[in-house]
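The values are calculated or read from the model by the stated rules, or taken from the named source; none is laboratory data. Just so it is clear, the structure is predicted and the values come from calculations on it, not from any experiment. FYI the Cβ positions are ideal-geometry reconstructions off the backbone, even for glycines, and counts take in every protein chain you see. Heads up: the accessible areas ignore ligands, DNA and RNA and are worked out on the full protein's heavy atoms, side chains in. Shrake-Rupley method; radii C 1.70, N 1.55, O 1.52, S 1.80 Å.
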Amino acid sequence: MRRKPLFIVLAVMALAVVAAVKIGFFDALLVSSAFNQSRERAEQGDAKAQLELGKRYYHGSGVEKDEEQALVWFLKSAEQFNPEAMRLAGLMYNNGQAAVQDPKQALRWLEAAYDASDNMAAYFIGQMYQQGEGVEKNMATAFNWYQKGADRADSWSQWALGNLYQSGFDGHPVDLNSAVKWYRLSAKLGNELGQHEMGRLYNHGIGVEQDLGKAEMWYRRASEQGYWLASNNLAWLLATAKGSGIRNGKAALKVIEGIDLAQLDDLNRAMVLDTFAAAYAEVGRYVDAVMAQEKVIALQQQIKVEPTLISESEARLHAYQQKQAWRE
């Protein structure tokens, strides 16, 4: 289950998810004051302030969230050739936000953003062509856009290129050497998905010599950025590695406890519970391991996963019932 490559499409990575926080009275005044200052400068035609105001409306920072107003201010800034505003306007058009979905406008603004030096725009254009979002699906065109972004050191485009080389596309054979090259470049630039992929490649010896120490390092870097899948795979490695130099059940539990199960669908929740069970067993909490593994099997049966996955889970359950930790 966790050992299979997972290629995750992030259509709106540029629009960061903002956590809801409780703020005190004086903090609220500061936020409101900052919003008013942004609005004043934006209304005077300051392109940077217009972009900032658009972000505030988009995220509801100092003002009630309003996607229509966000798009209005992104467009005002974009019309003054602000590259980031061009990209964000293009993404909103592509995603159908502010009750508007217009692929032509999306492509227009994303291409303008790229031409104005916003390198990440290439990744989103590539995504449109790879997924056929508002344009005819064309893998060759998607590849070309990813290459453009990658050549400009955009880490998302580099990660996407790594995916294509690893899986092969449009008659192009798998090229693990190129996949490793682009994943590594993406990872070194701090991209959490690139870091996760490097961890997975080293973990399983795919395109590189297996090195669990390097796998742990790259998984941890991605985990520290909040990427739940990296946290899960790091904890699994710490809980189940055959080499005692890597294995650390207490550390595995600490990592896996940082994942919010409520945010996951049933399939991924089962995967994380599977890791919980392995970590519990590694520290000798076999009753907890059995209970967690039984939940895994119940979820898998409920969503009708492949029988082989259930068989694997049942094998782990049997081990925990016999007070045996699991080794990968």
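Some points to look at:
- Cβ-Cβ contacts under 6 Å between residues 6 or more apart (or on different chains), taken from a first residue in the range 241-262 that is closer than 11 Å to GLU282 by Cβ to a second residue that is outside any loop (DSSP other than H, G, I, E, B) and open to solvent by 30 Å² or more (accessible area, probe 1.4 Å), are listed as ALA241/LEU212; GLY249/GLU282.
- Residue among ALA142, ALA89, ALA150 that alone is in contact (Cβ under 8 Å) with a residue 24 or more places away in the chain and in a helix (DSSP H, G or I): ALA150
- Failed criterion for GLY134 (all others in (1) surrounded by fewer than 19 Cβ atoms within 10 Å (Cβ to Cβ); (2) modelled with pLDDT of 95 or more; (3) under 29 Å from MET92 (Cα atoms) hold): (2)
- Residue match in the range 318-325 (condition: open to solvent by 20 Å² or more (accessible area, probe 1.4 Å) and modelled with pLDDT under 95): no
- Qualifying residue in the range 208-228 (condition: under 25 Å from GLN166 (Cα atoms), assigned to a helix (DSSP H, G or I) and in contact with an Asp or Glu (Cβ under 7 Å, 6 or more places away or on another chain)): yes
- Put simply, of LYS188, LYS254 the only residue that is open to solvent by 50 Å² or more (accessible area, probe 1.4 Å), basic (Lys, Arg) and either more than 30 Å from ALA325 (Cβ to Cβ) or modelled with pLDDT under 95 (or both) is LYS188.
- So GLU209, is it under 19 Å from VAL255 (Cα atoms) and either among the charged types (D, E, K, R) or more than 13 Å from the chain's Cα centre (by Cα) (or both): no
- Taken over the range 268-302, the criterion of being open to solvent by 60 Å² or more (accessible area, probe 1.4 Å), farther than 17 Å from GLU257 by Cα and touching a residue at least 12 places away in the same chain (Cβ under 8 Å) is satisfied by GLU294, GLN302.
- Within the range 278-295, the set of residues being more than 9 Å from ALA239 (Cβ to Cβ) and either in contact with a Cys (Cβ under 8 Å, 6 or more places away or on another chain) or in a helix (DSSP H, G or I) (or both) comprises TYR286, VAL287, ASP288, ALA289, VAL290, MET291, ALA292, GLN293, GLU294, LYS295.
- Unique match (being surrounded by fewer than 18 Cβ atoms within 10 Å (Cβ to Cβ), assigned to a loop (DSSP other than H, G, I, E, B) and hydroxyl-bearing (Ser, Thr, Tyr)) among SER311, SER244: SER244
- Leading residue by the ranking (surrounded by the fewest Cβ atoms within 10 Å (Cβ to Cβ)) among those in the range 230-240 that are in contact (Cβ under 8 Å) with a residue 40 or more places away in the chain and among the aliphatic types (A, V, I, L, M): LEU237
- Per this entry, GLN147 is not counted among residues that are polar (S, T, N, Q) and open to solvent by 50 Å² or more (accessible area, probe 1.4 Å).
- Test: residue in the range 110-119 that is among the hydroxyl-bearing types (Ser, Thr, Tyr), over 28 Å from ALA47 (Cα atoms) and either open to solvent by 40 Å² or more (accessible area, probe 1.4 Å) or at pLDDT below 95 (or both): no
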